[in-house]
Amino acid sequence: MVQLKGDDKARYVSSMFDGISGRYDLMNTLMTGGMHHLWRWRTTAVAGRAGSGEALDIATGTGDMAWELADRPSVSRVVGLDFAPRMLARARAKTRRHVGEAPRVHWVRGDALNLPFSDGRFRSITCGFGLRNFSDLEAGLREMARVAAPGGRVIILDILPVTGSDGLSRLFQWYFRRAVPWMGSLIGGSREAYTYLPDSVQHYVTAEELVELMERVGLRGVEFRKMGLGTVAIHAGEKPVREAE
């Protein structure tokens, strides 16, 4: 697959996710054996320790992470942002399942590389399975750091590239590069989209490289936790609190 950049990649990714929006949740459950729910829960648990205040979920997709955030007692309000309108429509459709919490979750269509929010607004910022789709990872992380409140947290959940030659690594690579596109064609409605998925992971950064990027944009105390036999990780970093002058 040709590696797209800049606006071309943004338009391609938005169109691709719109095209699979109807089967997106089902495919996530099938591909991960339902583990994506636990991974999101753990991500929001990290976000919940950032202190009381407003939360932002970037690349919110169909909104599962945003609703998980709304369940955290320390989160007063959630903004879910995505670039793909049909994905956001799916997120909004879930509102009827969360009648009591609906006023606490708001949906915004926007660009992760140019967030439409003021500096220092959010206590926690999450991005689940979205960062590797950005045309510029560092620019996206820099925007997250900008809108994070001092002492707030930026938390990234994503799939990691697996390059080992041991049996488990080879099995994962076969599953991702062969089985997932087949499932995407048969169930997800798009072989192309689920061929893009393993390609995007292959060209993504390692866990250690993501730590470096997060530190480069000014986040501190960056740590990560691997899950899913080392194929998925949660990274978390804190925006420093400036000493009073």
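Put simply, of A45, A10, A55 the only residue that is exposed (fewer than 15 other Cβ atoms within 10 Å of the Cβ) and under 16 Å from the mean Cα position of the chain (by Cα) is A45. If you check every pair at least six apart or on different chains, which have Cβ atoms under 6 Å apart with a residue in region 224-245 that is at negative phi and among the charged types (D, E, K, R) first and a residue that is in a strand (DSSP E or B) and at pLDDT 95 or above second? Sorted first by the residue in region 224-245, then by its partner, the pairs are R225/I234; K226/A233; E238/R153; E238/R220; E238/G221; K239/A148; K239/P150; K239/G152. Taking region 138-163 as the range and being open to solvent by 30 Å² or more (accessible area, probe 1.4 Å) and either in contact with a helix residue (DSSP H, G or I) (Cβ under 7 Å, 6 or more places away or on another chain) or at pLDDT below 95 (or both) as the test, the residues that pass are E138, R153, P161, V162, T163. Checked against (1) of a type in the set (G, A, S); (2) under 20 Å from Y12 (Cβ atoms); (3) modelled with pLDDT under 85, S200 passes all but condition (3).
So which of R90, R123, R109 ends up being farther than 29 Å from G19 by Cβ and open to solvent by 10 Å² or more (accessible area, probe 1.4 Å)?
Numbers: R90 fails: farther than 29 Å from G19 by Cβ; R109 fails: farther than 29 Å from G19 by Cβ.
On inspection, the qualifying residue turns out to be R123.
Residues in region 200-244 that are closer than 19 Å to W41 by Cβ, assigned to a strand (DSSP E or B) and open to solvent by 30 Å² or more (accessible area, probe 1.4 Å): E223, F224, R225, K226. Criterion first (open to solvent by 30 Å² or more (accessible area, probe 1.4 Å), touching a Lys or Arg at 6+ places or on another chain (Cβ under 8 Å) and modelled with pLDDT under 95) does P85 satisfy it? Yes: the conditions hold for P85. Condition check for I187 on (1) surrounded by 16 or more Cβ atoms within 10 Å (Cβ to Cβ); (2) in contact (Cβ under 8 Å) with a residue 24 or more places away in the chain: one failure, at (1).
The values are calculated or read from the model by the stated rules, or taken from the named source; none is laboratory data. The structure displayed is predicted, hence computed values, not measured ones. Ideal geometry is used to build each Cβ from the backbone, glycine not excepted, and the neighbour counts take in all protein chains shown. Heads up: the accessible areas ignore ligands, DNA and RNA and are worked out on the full protein's heavy atoms, side chains in. Shrake-Rupley method; radii C 1.70, N 1.55, O 1.52, S 1.80 Å.
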